[in-house]
Amino acid sequence: MLPGDGHEISSRGSRTSRGGAPALVWLLAAACGAPGGALSAPRVEEACRPSVSRDDRIAEIGPRGELRLASGRRAMLSGLRWPDEPALDAAARTWLHTFRGAPLVLTERGGEDRWGRRRADAIGIAGEAEPVDLAGGLVAAGLAYADAGEADTLCRPALRAVEAVPRAAGLGLWAGGPLAATDAAALSGRAGRFTVVEGRILHVGERTARTYLDFARWGEQGLTVTVQKRSWRILSKHGLSAATLKGRLVRIRGMVEIGRGPFIDLAGVEGIEVIEGERALRR
């Protein structure tokens, strides 16, 4: 069982599943080594509370990985950010098609979104392969990011640990590695798109309405992260303040916007991970 995921499934071995993604046994082993930088509360938030698991099948795969099920329900895999790039979108859809029509164990979380879909965990069995956690498989193949999306909480924080192997191997979304927070040109090219950025916070500016995290030296272009007052208060409850963040190596997730320079407005506490102690940027 992935820590904090709320369901388990037996496995018979450690062979590789179809599409190059590791079998569930491997995902379990990877998840046990989750780094301490993720800011997920141990208690189960109401939006993350799992329903009773039930059986279903994938009838069709809609845009951005929407699961259209044989039961008539629609679901989105919990804890995922679907890729924006057309080639990776196609690769992720191809990976999921392996499980089309196959038995599926579905565990829904929270209520319906505006399109009548629910976020869900899904365990699929394709042929004689090992049972595979679909979200974990996509992340392990480098075909999706682990991300809370519009939710305040990443319901499956262990998925962040599964990212470590494809990130180190440069698979899929990680082919170029996380962007450097000082690479203003590359960041500008990602305007309007979800991006993972790594860098060291050089300055923290606390203001009345928001706080600014600067990654570039004065007079140089680089990423600025803005943190709204509410999110800053929550960060402080997790021990992240101006004093503890300045000089730290962090990983930021969010939509890149352009003002005087590239910036990301931190959507919530799940958008920042302190990664001091991990391998630094390979640049």
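At a glance:
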| read-out | value |
| --- | --- |
| Count - residues of segment 139-189 that are within 22 Å of Thr94 (Cα to Cα) and among the charged types (D, E, K, R) | 3 |
| Yes/no for Leu104 being open to solvent by less than 20 Å² (accessible area, probe 1.4 Å) and either more than 26 Å from Trp174 (Cα to Cα) or basic (Lys, Arg) (or both) | yes |
| Criterion violated by Ser78 - all others in (1) at pLDDT 90 or above; (2) of a type in the set (Ser, Thr, Tyr); (3) open to solvent by 60 Å² or more (accessible area, probe 1.4 Å) satisfied | (3) |
| Scan of segment 60-75 for residues that are open to solvent by less than 50 Å² (accessible area, probe 1.4 Å) and more than 15 Å from the chain's Cα centre (by Cα), ordered by number | Ile61, Gly62, Glu66, Leu67, Leu69, Ala75 |
| Flag if Ala87 is touching a helix residue (DSSP H, G or I) at 6+ places or on another chain (Cβ under 7 Å) and assigned to a helix (DSSP H, G or I) | no |
| Scope segment 189-204; condition over 18 Å from the mean Cα position of the chain (by Cα) and at pLDDT below 95; matching residues | Gly189, Ala191 |
| From the options Ala91, Ala126, Ala120, residue that is on the phi < 0 side of the Ramachandran plot, open to solvent by less than 10 Å² (accessible area, probe 1.4 Å) and within 18 Å of the chain's Cα centre (by Cα) | Ala120 |
| Where a residue in segment 81-101 is over 14 Å from Val139 (Cα atoms) and its partner, wherever it lies, is among the charged types (D, E, K, R), with Cβ under 6 Å and at least six apart | Asp84/Arg193; Thr98/Arg18; Gly101/Arg57 |
| Number of the condition not met by Gly142 [criteria: (1) surrounded by fewer than 22 Cβ atoms within 10 Å (Cβ to Cβ); (2) assigned to a loop (DSSP other than H, G, I, E, B); (3) not aliphatic (A, V, I, L, M)] | (1) |
| Some residue of segment 138-151 being farther than 22 Å from Leu69 by Cα and in contact with a Ser or Thr (Cβ under 6 Å, 6 or more places away or on another chain) | no |
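Condition check ((1) over 19 Å from Asp84 (Cβ atoms); (2) touching a Gly at 6+ places or on another chain (Cβ under 9 Å); (3) touching a residue at least 60 places away in the same chain (Cβ under 8 Å)) across all residues:
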| site | (1), (2), (3) |
| --- | --- |
| Ser188 | no, yes, yes |
| Val204 | yes, no, no |
| Val225 | yes, yes, no |
| Ser236 | yes, no, no |
| Ala242 | yes, yes, no |
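The values are calculated or read from the model by the stated rules, or taken from the named source; none is laboratory data. Treat the numbers as computed from the prediction; the structure is a model and nothing was measured. Cβ coordinates were reconstructed from backbone atoms using ideal geometry, including for glycine residues, and neighbour counts include every protein chain displayed. All accessible areas refer to the heavy atoms of the entire protein, side chains included, with ligands and DNA or RNA removed. Shrake-Rupley method; radii C 1.70, N 1.55, O 1.52, S 1.80 Å.
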